[in-house]
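Chemist: My questions all concern the structure below.
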């Protein structure tokens with residue numbers, strides 16, 4: 001064999017070997033074997049999925065899914081504020097119009113009502129995108145998106161997507177489609193910090209979900225694809241074009257599915273959302289109002305933990321217009337007169353007020369201080385300051401209710417004459433007490449009406465002894481005052497030595513205004529939650545004192561406004577009220593009412609450490625007093641709250657007739673002679689120019705002697721109420737006996753010990 005033949009032989013052998021090898025591979029990878037391997041793989045995958053299906057349970061809701069805000073609304077339904085970490089208010093489908101529900105189905109999952117809860121193609125695409133790093137998945141069903149929002153989280157992992165698929169299948173079997181749709185609509189994020197359709201409706205259209213139109217619903221449904229990008233207020237021109245196109249897409253799908261008539265669709269125009277608005281927080285008066293509402297809910301069976309869990313819609317009795325009028329009155333009559341940043345004394349002045357409808361008990365306005373984020377303690381509800389002479393009408397009410405008599409057996413009424421001598425020791429008490437009148441003025445014989453007008457301490461100190469301090473306390477509690485840790489039942493109680501809040505005093509005076517029928521203040525109109533409810537508000541209406549007693553006290557206090565220390569409260573309405581100034585001028589009050597409205601206003605001196613300090617030389621030179629700024633705040637608020645005024649009169653049919661008093665001349669007073677008061681048996685409106693002059697600009701009542709230089713206006717005694725203590729001493733230093741019921745003064749100090757150990761008897765006054 002030659003070389004050429006040998007080479008050809010080797011080549012033929014190689015070709016035969018190649019053919020033999022190729023045939024072996026083909027025999028191994030036959031179509032039957034490949035198909036069998038594919039089915040085996042599928043069976044393994046299905047088996048694995050079945051195992052996963054069995055092993056993966058439907059979990060509990062994630063922490064964020066059930067978080068809601070509490071919504072606080074004014075009485076007219078407008079939102080005051082929302083509280084909570086998540087701006088969400090879950091609403092049922094019954095609160096969402098059907099056509100609005102359909103916009104979400106049309107936007108996200110037209111086959112929602114027919115499918116099994118999953119989109120295998122979309123899920124597979126999402127898994128592939130995740131594995132290849134191409135970003136977020138698309139094509140999930142409403143059920144899957146609900147599962148992601150409610151049970152899982154937003155992370156993009158293969159494990160989470162497989163769990164989503166399994167849980168979605170189970171949820172679709174266990175829950176109704178309507179429940180799934182409601183969950184999806186309520187858990188989705190819409191941008192602008194809004195979770196759920198209710199918050200979104202408010203954020204974009206300033207309305208509730210139940211009032212959304214189909215056009216608005218279509219925008220919110222379109223928004224879910226890219227909340228921040230599609231927010232009309234910040235969207236680029238391209239984004240605006242895209243969201244508009246998607247809006248049309250949603251509506252067209254609704255027509256296609258038969259959920260919207262084509263003719264109605266043709267009429268719809270794009271509903272441009274309103275600009276973003278910052279959510280109201282707890283600044284200003286809001287925090288005080290929310291705090292008072294939560295405190296009332298606690299009394300009505302809603303725990304603090306339940307409130308924190310959220311989901312409450314709390315409608316308040318607060319009237320937005322009257323609330324604004326109260327804030328405006330304080331701003332104009334107090335805050336504009338203070339330099340809080342530049343003057344340390346001015347910074348110590350705190351104001352508080354509560355306003356109540358006496359017929360219903362509704363708290364229609366509340367002022368807690370300069371701002372809840374600046375001064376956290378609400379001055380409307382704090383009870384650490386003395387109400388001073390605003391307590392005196394309670395003493396009178398108790399005297400009338402108990403048909404009490406003087407030491408010489410004369411019935412106590414508005415015409416009863418008492419000795420108004422300053423520092424006169426009370427008679428008939430085991431505890432010595434001889435309070436000083438404001439400016440140490442002595443009035444001689446005066447009627448109870450005159451003593452009320454001018455807040456004469458010596459008269460009311462004797463009256464409480466005549467009635468019995470224990471009986472007066474019983475009347476006070478019946479009228480609604482807070483007992484706290486208990487009051488010292490002593491003669492000094494006549495001058496308001498216990499603690500009380502503007503809320504408390506407004507309640508007491510509201511019951512007087514309501515003819516002796518109990519009034520229970522309530523700031524919460526209703527509190528609604530999907531799973532629980534608050535207990536009903538406490539009801540009043542019981543006759544706690546007689547109508548005759550209540551109406552007579554009202555009649556007495558009309559004299560305070562007409563001729564006495566409260567003249568700064570006069571306006572175009574019928575009014576009754578009482579001033580008060582506490583020991584060392586630490587608080588100053590005016591509490592008053594018209595037939596429609598009861599309001600308590602208090603000023604309190606408080607240093608940065610929370611210690612009580614004097615109000616002297618703060619809002620004005622000299623003493624602050626109840627007849628000054630508090631009465632002016634009350635007058636401006638009441639005028640605004642009543643729309644400028646009112647013709648409604650007090651119905652005082654049961655009131656005791658007023659007996660005109662014998663004029664008296666106070667001694668130890670400024671040289672000018674005080675004009676006698678002439679109480680009428682009916683209140684007179686200030687709008688009658690022939691009977692009552694317009695509200696004086698000078699706070700000093702015209703019927704009283706001029707104040708001394710440096711004295712402040714309109715006080716509790718003799719028309720000036722200036723004084724440190726309306727309470728004739730406030731039990732300072734220990735017991736009432738032995739010289740510690742200090743006989744304090746209305747003029748800024750006390751006369752500690754001046755009457756200690758003595759009990760001077762009262763002589764029947766000479767009329």
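Chemist: Whether any residue in the range 523-540 is touching a residue at least 60 places away in the same chain (Cβ under 8 Å), at positive phi and buried (at least 20 other Cβ atoms within 10 Å of the Cβ) is what I want to check.
Modeler: no
Chemist: Find the residue count for the range 267-294, including only residues that are surrounded by 13 or more Cβ atoms within 10 Å (Cβ to Cβ) and without any contact (Cβ under 8 Å) to a residue 24 or more places away in the chain.
Modeler: Within the range 267-294, residues that are surrounded by 13 or more Cβ atoms within 10 Å (Cβ to Cβ) and without any contact (Cβ under 8 Å) to a residue 24 or more places away in the chain number 1.
Chemist: If we scan the range 614-630, do we find a residue that is under 28 Å from the mean Cα position of the chain (by Cα), assigned by TED's automatic domain parsing to the domain that holds residue 474, outside any loop (DSSP other than H, G, I, E, B) and under 25 Å from residue 472 (Cβ atoms)?
Modeler: Yes, the range 614-630 contains a residue that is under 28 Å from the mean Cα position of the chain (by Cα), assigned by TED's automatic domain parsing to the domain that holds residue 474, outside any loop (DSSP other than H, G, I, E, B) and under 25 Å from residue 472 (Cβ atoms).
Chemist: Could you check the range 190-207 and list, in sequence order, the residues that are touching a residue at least 40 places away in the same chain (Cβ under 8 Å) and at negative phi? Steps first, answer last, please.
Modeler: If we filter the range 190-207 for residues that are touching a residue at least 40 places away in the same chain (Cβ under 8 Å), which is where we start, we get 191-199, 202-206.
Residues satisfying the conditions are 194, 195, 197, 198, 199, 202, 203, 204, 205.
Chemist: Does residue 430 satisfy the condition of being modelled with pLDDT under 95, over 39 Å from the mean Cα position of the chain (by Cα) and surrounded by fewer than 24 Cβ atoms within 10 Å (Cβ to Cβ)? Quick ask: steps written out before the conclusion?
Modeler: Working: modelled with pLDDT under 95: yes; over 39 Å from the mean Cα position of the chain (by Cα): yes; surrounded by fewer than 24 Cβ atoms within 10 Å (Cβ to Cβ): yes.
The answer is yes for residue 430.
Chemist: Okay, next question. Out of 516, 484, which single residue is modelled with pLDDT of 95 or more and at positive phi? Step through it out loud before you land on a result.
Modeler: Values: 484 fails: modelled with pLDDT of 95 or more.
Just a single option satisfies the conditions, and that option is 516.
Chemist: Of everything in the range 82-109, what is closer than 13 Å to residue 210 by Cα and surrounded by fewer than 23 Cβ atoms within 10 Å (Cβ to Cβ)? Give them in sequence order. Steps first, answer last, please.
Modeler: So in the range 82-109, the residues closer than 13 Å to residue 210 by Cα come out as 89-101.
Residues satisfying the conditions are 91, 92, 93, 94, 95, 97, 98, 99, 101.
Chemist: Conditions first: (1) in contact with a helix residue (DSSP H, G or I) (Cβ under 7 Å, 6 or more places away or on another chain); (2) assigned to a helix (DSSP H, G or I). Residue 600 passes all but one, so which condition is the exception?
Modeler: Evaluating residue 600 over (1) in contact with a helix residue (DSSP H, G or I) (Cβ under 7 Å, 6 or more places away or on another chain); (2) assigned to a helix (DSSP H, G or I) leaves (2) as the failure.
Chemist: Would you mind finding the one in 641, 549 that is buried (at least 23 other Cβ atoms within 10 Å of the Cβ) and closer than 17 Å to residue 511 by Cα?
Modeler: It is 549.
Chemist: Does the range 559-571 include one or more residues that are within 28 Å of the chain's Cα centre (by Cα), closer than 18 Å to residue 596 by Cβ and assigned by TED's automatic domain parsing to the domain that holds residue 590?
Modeler: Looking only at the range 559-571, we keep the residues that are within 28 Å of the chain's Cα centre (by Cα), and these are 569.
Retained after the next criterion (residues that are closer than 18 Å to residue 596 by Cβ): 569.
Narrowing the set further to residues that are assigned by TED's automatic domain parsing to the domain that holds residue 590 leaves 569.
Within the range 559-571, one or more residues are within 28 Å of the chain's Cα centre (by Cα), closer than 18 Å to residue 596 by Cβ and assigned by TED's automatic domain parsing to the domain that holds residue 590.
Chemist: Ok, one more. In the list 318, 314, which residue meets the criterion of being crowded, with 23+ Cβ neighbours inside 10 Å, outside any loop (DSSP other than H, G, I, E, B) and touching a strand residue (DSSP E or B) at 6+ places or on another chain (Cβ under 9 Å)? First the steps, then the outcome.
Modeler: On the way: 318 fails: outside any loop (DSSP other than H, G, I, E, B).
It is 314.
Chemist: Restricting the search to the range 138-189, which residues are modelled with pLDDT of 75 or more, in a loop (DSSP other than H, G, I, E, B) and either closer than 19 Å to residue 225 by Cβ or not assigned by TED's automatic domain parsing to the domain that holds residue 219 (or both)?
Modeler: The answer is 140, 141, 188.
Chemist: Looking only at the range 210-220, which residues are more than 15 Å from residue 265 (Cβ to Cβ) and buried (at least 24 other Cβ atoms within 10 Å of the Cβ)?
Modeler: If the condition is that a residue be more than 15 Å from residue 265 (Cβ to Cβ) and buried (at least 24 other Cβ atoms within 10 Å of the Cβ), then 212, 220 are the ones that fit.
Chemist: Does residue 353 fit the bill of being in a strand (DSSP E or B) and under 23 Å from residue 495 (Cβ atoms)? Give the derivation first.
Modeler: Working: in a strand (DSSP E or B): yes; under 23 Å from residue 495 (Cβ atoms): yes.
Yes, satisfied.
Chemist: In the range 311-346, how many residues are more than 16 Å from the chain's Cα centre (by Cα) and under 30 Å from residue 533 (Cα atoms)?
Modeler: 1
Chemist: Are any residues in the range 524-581 in a strand (DSSP E or B) and within 18 Å of residue 632 (Cβ to Cβ), and if so, which ones? Talk me through it step by step, then tell me what you get.
Modeler: As a first pass, look at the range 524-581 and keep what is in a strand (DSSP E or B): 524-528, 533, 543, 576-581.
Those that are in a strand (DSSP E or B) and within 18 Å of residue 632 (Cβ to Cβ): 576, 577, 578, 579, 580, 581.
Chemist: In addition: Yes or no: residue 365 over 28 Å from residue 525 (Cβ atoms) and surrounded by 24 or more Cβ atoms within 10 Å (Cβ to Cβ)?
Modeler: Values: over 28 Å from residue 525 (Cβ atoms): no; surrounded by 24 or more Cβ atoms within 10 Å (Cβ to Cβ): yes.
The answer is no for residue 365.
Chemist: Still on this structure: Of the conditions (1) assigned to a helix (DSSP H, G or I); (2) at pLDDT below 95, residue 234 clears all except one; give me its number.
Modeler: Going through (1) assigned to a helix (DSSP H, G or I); (2) at pLDDT below 95 one by one, residue 234 breaks only (1).
The values are calculated or read from the model by the stated rules, or taken from the named source; none is laboratory data. Note that the structure is a prediction, hence the values are computed from the model and not measured. Cβ: placed from backbone, ideal geometry, glycine included. Neighbour counts: every protein chain shown.
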